[in-house]
Amino acid sequence: MPFDTESLWTQLLGYIEEGLVIPVAGAGLLNVSTPQGTISYYSYLAGRLAERIGVSATDLPLGNELNAVACRYLAKGGQVDELYPALFMISREQTLPIPEAIVQLASIPTFRLFITTTFASFVDRALNQVRFGGTAGTDVLTYSLTKIQDLKGPMADNPRPVVYHVLGKLSAIPDFAVTHEDILEFIHSLQSEDRVPAHLYKEVEDSSLLILGCRFNDWLARFFLRGWRRMRLSAGYKQPIFVADREVAGDTNLIDFLNSFSRGTRVFPVAGPVEFVAELYRRWTELHPEPVAIQPPVTKTISTNGCSPFVFVSYASEDRPAAQKINDALCNAGVDTFFDKEGLEGG
């Protein structure tokens, strides 16, 4: 039967109007301007990383560039832990412009909670730029394999927009997803009963996800979709899930699976997520021609040295269970922490 695209757009825009949609921003949205032209941010990082660690950057698979560079480095005897601080330093050497698709998403004011599967800070920056005139007015939370940050409660009670980095955020320690193995570990962790960010999951349960350019292949996409629900996909949803992702739309096996067992998932047959967001923004601004009003940021706790509070949780190995509880409590209170789960080497 013919695909009724306009009906799907009408449904999505209606849900967005009511504030029932949570965008999930993936790497496929991150096209950045560089001296070499406009390229994917992850392609840019992969090229710079390959040069720094001495591996070839030729014929990197689209959408899996960083994983391919990591595999080439491991094949020559390198250690995977060396890649994370290298990426962190590369990212700090040049501040790239915010991708236009991310700015467009930030300009839709009924989007208040953003989930990102990337480790970059573009969504954070875009919200601060569009909604707060460049001032830091956005809450930024991070899930990692060593600490769990969660929403403090329902988004209806939070006056600030929130960005949740569900696969970690760039840092000097290996606490964000670079390789396929990293992504697998994050998704496994997110499905563990004792490591679930409960308030975030509750918010997702009552909303529709709009998944944009996450670049997950067949089985990884299935696990990602299933991970947000407390029941089988075939049991249905409170709200539909919308997907605008080139890899999903072109994967016939995955589409057949979704059509059979996840009928609440709506896949847009579009060329790519960037083009989809441009069309979404065009349709939204036709309905709402007034730009987003810049808001004064809500006061946030600041330490005496002008920085956001940060706690290093230090403990003896025999006290690890108690230290873990303290670390989790601090994270749930919105305090940024470093908790070394495996122990620190001397120096």
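What the table below lists for this structure:
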{"quantity": "Selection status of A172, open to solvent by less than 30 Å² (accessible area, probe 1.4 Å), at negative phi and either touching a residue at least 60 places away in the same chain (Cβ under 8 Å) or in a loop (DSSP other than H, G, I, E, B) (or both)", "calculated": "no"}
{"quantity": "L145 closer than 27 Å to F276 by Cβ and touching a residue at least 24 places away in the same chain (Cβ under 8 Å)", "calculated": "no"}
{"quantity": "Qualifying positions in segment 203-225 - exposed (fewer than 15 other Cβ atoms within 10 Å of the Cβ) and farther than 24 Å from S40 by Cα", "calculated": "E205, D206"}
{"quantity": "Matching residues in segment 52-79 - criterion: being more than 22 Å from G26 (Cβ to Cβ) and either open to solvent by less than 40 Å² (accessible area, probe 1.4 Å) or in a helix (DSSP H, G or I) (or both)", "calculated": "R52, I53, V55, R72, Y73, L74, A75, G78"}
{"quantity": "Filter pass, Y15 being in a helix (DSSP H, G or I), touching a helix residue (DSSP H, G or I) at 6+ places or on another chain (Cβ under 7 Å), of a type in the set (F, W, Y) and surrounded by 12 or more Cβ atoms within 10 Å (Cβ to Cβ)", "calculated": "no"}
{"quantity": "Close pairs (8 angstrom Cβ cut-off, 6 or more residues apart or separate chains): on the phi > 0 side of the Ramachandran plot in segment 199-226, at pLDDT 90 or above and among the small types (G, A, S) anywhere", "calculated": "G213/A25; G213/G26; G213/A27; G213/G28; R215/G26; R215/A27; R215/G28"}
{"quantity": "Residue check, F111 over 14 Å from the mean Cα position of the chain (by Cα), farther than 23 Å from A46 by Cα and open to solvent by less than 10 Å² (accessible area, probe 1.4 Å)", "calculated": "yes"}
{"quantity": "Residue selected from segment 125-146 under the condition open to solvent by less than 20 Å² (accessible area, probe 1.4 Å) and part of a loop (DSSP other than H, G, I, E, B), by the criterion nearest to L184 (Cα to Cα)", "calculated": "S144"}
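Rundown of residues vs (1) of a type in the set (F, W, Y); (2) free of Cβ contacts under 8 Å to residues at least 40 places away in the same chain; (3) farther than 30 Å from F224 by Cβ, yes/no style:
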| position | (1), (2), (3) |
| --- | --- |
| N253 | no, yes, no |
| R263 | no, yes, no |
| R266 | no, no, no |
| V274 | no, no, no |
| V277 | no, no, no |
| Q295 | no, no, yes |
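The values are calculated or read from the model by the stated rules, or taken from the named source; none is laboratory data. Treat the numbers as computed from the prediction; the structure is a model and nothing was measured. Counting neighbours? That spans all protein chains shown, and the Cβs are built from the backbone with ideal geometry, glycine included. Remember, those area values only see protein heavy atoms, side chains included, never the ligands or the DNA or RNA. Shrake-Rupley method; radii C 1.70, N 1.55, O 1.52, S 1.80 Å.
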